[in-house]
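The values are calculated or read from the model by the stated rules, or taken from the named source; none is laboratory data. Because the structure is a prediction, the values reported are computed rather than measured. Neighbour counts are summed over all protein chains in view; Cβ atoms, including those assigned to glycine, are modelled from backbone coordinates with ideal geometry.
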Amino acid sequence: MNFRDTHGKSIREAFEVFNAQNPTIYHLFAQETNKAIKRGCKKISSKMIINWIRWNRYVTTNDPSFKINDAYHAYYSRLFVERNPEHANVFEFRKLRNEEEGQYMQIEDNGTVSFF
């Protein structure tokens, strides 16, 4: 059984809904990522940031099963880099198994970063 079978939508689709309904999580993700960058971290784990938020911040979300689904951490890092292209190298990106088509990351001449 895969994510779509269980949830009726792709991980990306579920993330987009979750992120729209729970903007505080991205805000915290960006805040903690920026703290790590300011401390001199050259590479950051998006999963580590999500787990830090999970354990160190009292947050509630609209997800009945999880505070933050583990499947979303890759999308949070991609969203961060899309909004902060100057930090395109802070996360290591790989093609996602559920995103079979297209490039996994494109950096335009003007510095714009996209994943989809």
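Please verify whether the stretch 36-43 includes one or more residues that are in a helix (DSSP H, G or I), crowded, with 16+ Cβ neighbours inside 10 Å and modelled with pLDDT under 95.
no
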Subset of the stretch 79-108, residues modelled with pLDDT of 90 or more and under 24 Å from residue 55 (Cα atoms), comes to 79, 80, 81, 90, 91
With the first residue restricted to the stretch 46-69 and required to be in a loop (DSSP other than H, G, I, E, B) and among the charged types (D, E, K, R), and the second required to be at pLDDT 75 or above and surrounded by 13 or more Cβ atoms within 10 Å (Cβ to Cβ), Cβ contacts under 8 Å at 6 or more apart or on different chains are 57/28; 63/18; 63/22; 63/69; 67/54
Output for Cβ contacts, cut-off 7 Å, separation at least six or different chains, first residue among the β-branched types (Val, Ile, Thr) in the stretch 10-23, second outside any helix (DSSP H, G or I), reads 11/98
